[in-house]
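Engineer: Let me give you the structure first, and then I'll get to my questions.
The values are calculated or read from the model by the stated rules, or taken from the named source; none is laboratory data. In this text the structure is predicted, and so the values were computed from the model without any measurement. Positions of Cβ are backbone-derived with ideal geometry, glycine not excepted, and every protein chain shown enters the neighbour counts.
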Amino acid sequence: MRRTLRANGCGPARRSVDTAFANAMVDAHTKAISLLELAQGHAQHEEMQSLVASTLPTLREHLQIAQSLASGAPTGSSNPQK
């Protein structure tokens, strides 16, 4: 079984790359949320305020998913990758 998992790209090196990617996504989404929250407090144009307000919930959801991936917890996705 172990040989099969490694042959299919599921060995330790793959998990290391997956973890590094998930951690990078946590960092990137955290920074993006911080920037948008800052912009939200300073945006003078209604279009910008609307864009920020509609984007923040999606970024927060994506952050939660990235945090789950980084911790190894299931994401609850109903669309597993094959």
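Engineer: Of all the helices (runs of 4 or more DSSP H) wholly in the chain, which have at least 2 residues that are within 11 Å of the chain's Cα centre (by Cα) and at pLDDT below 95?
Structural biologist: 12-42, 46-71
Engineer: Moving on. Are any residues in the range 20-67 among the basic types (K, R) and touching a helix residue (DSSP H, G or I) at 6+ places or on another chain (Cβ under 9 Å), and if so, which ones?
Structural biologist: Listed by number, the list holds a single entry, R60.
Engineer: Show the residue pairs that are 6+ apart or on different chains and have beta-carbon atoms under 9 Å apart, the first residue being within the range 13-32 and closer than 13 Å to A66 by Cα, the second being hydroxyl-bearing (S, T, Y).
Structural biologist: Close Cβ pairs (under 9 Å, with a partner that is hydroxyl-bearing (S, T, Y)) amount to A22/S68; A22/S71.
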